[in-house]
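A short reminder: the numbers here are calculations on the coordinates, not readings from a lab. From a predicted model like this one, the values you see are computed outputs, not experimental measurements. Note that each Cβ is placed from the backbone with ideal geometry, even for glycine, and that neighbours are counted across all protein chains shown.
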């Protein structure tokens, strides 16, 4: 999946395709979160704090796996 770099202290890059959000954290770990709507992804891109958005709006509500 193609990811775009983001300005965040905890997240290096994010990408979205067909309901799957892929997040590369600063430490190098990459996770995919499933069932993420395009609307939610757009909110993530615009968020003041990407890390906080992921912790409150993504992690508690979506299944995931480490890639």
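Please list 39-47, 1-9 highest first by mean number of surrounding beta-carbon atoms within 10 Å per residue.
Values: 39-47: 14.2, 1-9: 11.8.
With the highest mean Cβ count within 10 Å placed first, the list reads 39-47, 1-9.
Give the relative contact order (percent, whole number) for the chain; include only Cα pairs under 8 Å separated by 6+ residues. Could the numbers behind the result be given before it?
On the way: 106 pairs, mean separation 18.5, N = 67.
Computed value for the chain: 28 percent relative contact order.
Output the peptides 56-67, 13-24 sorted from most to least packed, where packing is the average of other Cβ atoms within 10 Å over each peptide's residues.
On the way: 56-67: 12.3, 13-24: 17.6.
For the peptides 56-67, 13-24, the packing ranking is 13-24, 56-67.
Residue 34 to residue 65: extension gain in nm, 0.36 nm per residue of separation minus the Cα-Cα distance? Intermediate results must be reported in sequence, preceding the final value.
Numbers: separation 31, 0.36 × 31 = 11.16 nm, distance 0.88 nm.
Net length gain for the segment: 10.3 nm.
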With a ≥ b ≥ c the root eigenvalues of the C-alpha gyration tensor of the range 1-52, is it rounded (a/c under 1.5), prolate (a/b larger than b/c) or oblate? oblate
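So what's the back-of-envelope 222 nm ellipticity for the chain, counting only DSSP H runs of four-plus at -39500 (n - 2.57) apiece and dividing by all residues, rounded to 500?
Numbers: 2 runs with 13 residues, N = 67.
Value at 222 nm, helices only, nearest 500: -4500 deg cm²/dmol.
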